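The values are calculated or read from the model by the stated rules, or taken from the named source; none is laboratory data. Bear in mind the structure is a predicted one, so any value in this text is a computation, not a measurement. Heads up, the Cβs are rebuilt from the backbone with ideal geometry, glycines too, and the neighbour counts pull from every protein chain shown. For accessibility, only protein heavy atoms count, side chains too; no ligands or nucleic acids. Shrake-Rupley method; radii C 1.70, N 1.55, O 1.52, S 1.80 Å.
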Amino acid sequence: SDAEEYQPPIWKSYLYQLQQEAPRPKRIICPREVENRPKYYGREFHGIISREQADEILAGVEGAYILRESQRQPGCYTLALRFGNQTLNYRLFYDGKHFVGEKRFESIHDLVTDGLITLYIETKASEYISKMTTNPIYEHIGYATLLREKVSRRLSRTKNESRKASVTSEENTPVEKITSLVRRAALTQNDNHFNYEKAHNFKVHTFRGPHWCEYCANFMWGLIAQGVRCSDCGLNVHKQCSKYVPNDCQPDLKRIKRVYCCDLTTLVKAHNTQRPMVVDSCIREIEARGLKSEGLYRVSGFTEHIEDVKMAFDRDGDKADISASIYPDINIIAGALKLYFRDLPIPVITYDTYSKFIEAAKISNPDERLEAIHEVLMLLPAAHYETLRYLMIHLKKVTLHEKENFMNAENLGIVFGPTLMRPPEDSTLATLNDMRYQKLIVQILIENEDVLF
């Protein structure tokens, strides 16, 4: 079985050993009381002294440091640090925390500790660091490769149910082992993730205790902000390694705190669905009891009740009760669906494709316009494409009841145009200028959903 074949990777400890060897910081206290010493500096502050004086104070003591005020620029402060038999000077800043570069520290001592570690490792292992990403464990026993194989096998049997291009084809999937101590159990429990491509959502992270990179298996050195962590799946890698990690994020539902305002692809991968479950739930409810409702999607439901539905989905996910016994007014459910689309951080019709859709809408020849729109649709991320396809099928059903609900494709285009597509730049003028094209795009998508999708 996969579990029996699995062998955890051997973490590479060379950089960890180097960190242990790095010089320790030694604070050189000023023997006199310095006037006008900033309150956020301690006795290591020596006032206005020259570089030469700082060099004399620190001479011969590896890891020794002082703070001084610049002679040339009074009010500017410098960290003078002894490393490699020379005195290094860094412009020092404070905004509630101390920093000389990107990293911010609670204390000068921590800043110097981290600096000495970094200097020592980069001095001793610069060539090693530059080659860390050339033979990563991730590519040989990467945690996503077995997953891709299983998904491809399953979807090859049902590929006609959705967009053919939305999954990775089986023949392109390498058969490789699975890894990652952190996610091993989660993947064996669930073979059914839809294989929509998703980039990792990396954010700088401070790890408590020794930590190793899950891309290259090397130690993540430093005192704070040693690397980055994916907020959606928990993958931990060096900042430099993050550039090489494939777009194969498999979000962990435990990390996804809400349904609304969550990236669409992240949500569907976390819930293991083709489309956001809020879209499926709302459309199912509307089609069950609301297709003939006059002014469907145009008439607003009570805002407070729509917010209640939103909170129910955020709290209960696909178990949220939106039945007629709780919300008899179907306009509340329709309003909750529109709100979901409006709250997406990246619209269903993405910022990247927005201008291409607008340009396609401006084509006067109907056949050429339809072909151009189809080409742009192919550029949408798979989860966005599938969500849009499903919504358009639903809206087409709404138009079939136009005699009762008075909602044709043009009316629905007016409602859903600004909901499904927003210009990348937050410009009121651009939005106003594009409104008729937004309406036209949605209208064409509804009227031609059987051809376009």
*At 24 Å minimum axial length over the Cα atoms and a Kyte-Doolittle cut of -0.5, report the qualifying DSSP H helices in the chain, or say none.*
108-130, 382-399, 428-447
*Tell me, what % of the accessible area of the chain is carbon and sulfur with a 1.4 angstrom probe?*
49 percent
*Order these peptides, 325-336, 118-129, by their mean beta-carbon neighbour count within 10 angstrom, highest first.*
325-336, 118-129
*Output the peptides 292-298, 230-236, 316-322, 414-420 sorted from most to least packed, where packing is the average of other Cβ atoms within 10 Å over each peptide's residues.*
230-236, 414-420, 292-298, 316-322
_At 222 nm, what value in deg cm²/dmol follows for the chain if DSSP H runs of at least 4 each add -39500 (n - 2.57) and the sum is divided by all its residues, to the nearest 500?_
-13000 deg cm²/dmol
*Once the dipole of segment 13-131 is set up with Lys and Arg at +1 and Asp and Glu at -1 on Cβ about the Cα centre, which of 76, 115, 25 lies farthest towards its positive end?*
76
*Antiparallel content of DSSP bridges confined to the chain, in %, to 5*: 75 percent
*asked:* Taking the solvent-accessible surface of protein heavy atoms with a 1.4 Å probe, what is the per residue accessible area of the chain in Å²?
replied: 50 Å²
*What residues have an amide H closer than 5 Å to that of residue 227, excluding those fewer than 5 places away on the same chain, when H is modeled at 1.01 Å from N in the peptide plane?*
205, 207
*Considering Cα pairs under 8 angstrom that are at least six residues apart, work out the relative contact order of the chain and quote it in whole percent.*
11 percent
*For segment 351-451, what is the largest minus smallest coordinate of the Cα atoms on each principal axis, given in angstrom and ordered from greatest to least?*
38, 29, 27
*Ordering of 380-392, 277-289 by packing [mean C-beta count within 10 Å, highest first]*: 380-392, 277-289
*Sort largest first and round to whole Å: the equivalent ellipsoid semi-axes of the chain, each the square root of five times a Cα gyration tensor eigenvalue.*
54, 28, 20
*So what does the Cα-only Debye profile of segment 31-93 read at q = 0.21, 0.25 Å⁻¹, as log10 I(q)/I(0), no solvent term?*
-0.79, -1.08
_Cross-link pairs 403/439; 396/439; 198/243; 198/439 - those with Cα-Cα distance over 23 Å_ = 198/439
*What FRET efficiency comes out for the pair residue 26/residue 258, r = Cβ-Cβ distance, R0 = 51 Å, nearest 0.05?*
0.60
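What pairs in 203/319; 338/397; 131/239; 257/397 have C-alpha atoms more than 21 Å from each other?
Violating the 21 Å limit, Cα to Cα: 203/319; 257/397.
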*Would you mind checking which residues have amide H under 5 Å from residue 198's amide H? H placed 1.01 Å from N; only 5 or more apart, or other chain.*
248, 249
